[in-house]
Amino acid sequence: MAVNLDDLKQLRKATGAGMLDCKKALDESDGDMEKAITILREKGIKVASKKSSRNADEGLVVSYIHPPGKLGVLVEVNCETDFVAMTEDFQKFTKKVAMHIAAYPPIVVSRADLSEEAIEGERKVLLAQLEGSGKPGEIIEKIIDGRIGKFYSQTCLLDQEWSDDPDVGTVKDALTDLIGKLRENIVIRKFARFSIGN
């Protein structure tokens with residue numbers, strides 16, 4: 001089918017994907033915009049999984065100071081080449097990550113950065129809260145698993161809802177989309193958040 005130019009522009013604006021990728025996605029979805037977005041996201045996930053083993057030794061350290069200057073963030077985001085580090089997409093994403101950290105302070109980048117003790121400690125607290133509730137053990141376990149998921153979304157940057165565009169999903173989803181677009185492994189390496197009085 002012939003691709004509508006307005007749809008092509010709209011899909012490109014919504015996803016940031018290249019024109020050729022957008023055209024292929026619209027062809028594959030028979031012009032259905034939602035399906036085309038899903039196709040592009042799935043393609044990004046595949047690209048991200050292929051790139052994840054590659055070294056990301058280049059990148060940027062970006063700062064964000066929230067007015068009037070009482071809160072600041074430094075974040076290191078790595079990629080494979082200095083060429084990608086200098087692209088507008090990479091720099092914008094890195095700045096948005098710093099602003100996200102300022103607004104929704106995580107403790108660590110990913111679940112892997114949490115110690116087993118921290119997770120086990122959280123489980124014990126949740127179990128203590130539910131003891132005496134009269135609920136069966138398997139139900140208590142399901143409730144605890146759900147609350148641990150919420151714990152991750154509060155403490156782990158990659159699990160948090162992406163503040164720049166909640167429709168994207170999590171910070172990890174936004175990162176995956178960028179990897180799919182720039183075709184390089186990209187890693188949020190570390191961050192530091194500073195605030196007056198803390």
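The values are calculated or read from the model by the stated rules, or taken from the named source; none is laboratory data. Quantities reported herein were computed from a predicted structural model and do not represent experimental measurements. Cβ: placed from backbone, ideal geometry, glycine included. Neighbour counts: every protein chain shown.
Modelled with pLDDT of 80 or more, aliphatic (A, V, I, L, M) and not in a helix (DSSP H, G or I): is that true of Val75 in this structure? It is true that Val75 is modelled with pLDDT of 80 or more, aliphatic (A, V, I, L, M) and not in a helix (DSSP H, G or I).
When Ile107, Ile139, Ile144 are checked against the criterion of being at pLDDT below 90, in contact with a helix residue (DSSP H, G or I) (Cβ under 8 Å, 6 or more places away or on another chain) and β-branched (Val, Ile, Thr), Ile144 stands alone in meeting it. The residues of segment 165-198 that are more than 21 Å from Gly59 (Cα to Cα) and not aliphatic (A, V, I, L, M), listed by number, are Asp165, Pro166, Asp167, Gly169, Thr170, Phe194, Ser195, Gly197, Asn198. Screening the candidates Glu122, Glu138 for the property of being more than 28 Å from Thr176 (Cα to Cα) and in contact (Cβ under 8 Å) with a residue 12 or more places away in the chain yields one hit, Glu122. Kindly list, by first and then second residue, each pair from a residue in segment 104-116 that is more than 13 Å from Ile188 (Cα to Cα) to a residue that is part of a loop (DSSP other than H, G, I, E, B) and of a type in the set (Val, Ile, Thr), limited to pairs with Cβ atoms under 8 Å and residues at least 6 apart or on different chains. Correct list of pairs: Leu114/Ile107. When Ile39 is tested against (1) crowded, with 16+ Cβ neighbours inside 10 Å; (2) at pLDDT below 75, only condition (2) is not met.
Would a scan of segment 2-10 turn up a residue that is modelled with pLDDT under 90, within 25 Å of the chain's Cα centre (by Cα) and closer than 25 Å to Thr94 by Cβ? Looking through segment 2-10, none of the residues is modelled with pLDDT under 90, within 25 Å of the chain's Cα centre (by Cα) and closer than 25 Å to Thr94 by Cβ. Here Asp165 meets each of (1) surrounded by fewer than 16 Cβ atoms within 10 Å (Cβ to Cβ); (2) in contact (Cβ under 8 Å) with a residue 60 or more places away in the chain; (3) of a type outside the set (Val, Ile, Thr) with one exception, condition (2).
Right, Arg193: among the basic types (Lys, Arg), loosely packed, with under 15 Cβ neighbours inside 10 Å and touching a strand residue (DSSP E or B) at 6+ places or on another chain (Cβ under 7 Å) or not? Considered against the rule, which asks whether it is among the basic types (Lys, Arg), loosely packed, with under 15 Cβ neighbours inside 10 Å and touching a strand residue (DSSP E or B) at 6+ places or on another chain (Cβ under 7 Å), Arg193 comes out as no.
Given the criteria on the phi > 0 side of the Ramachandran plot, modelled with pLDDT of 90 or more and not hydrophobic (A, V, I, L, M, F, W, C), does Gly69 qualify? Judged against the criteria, Gly69 is a match.
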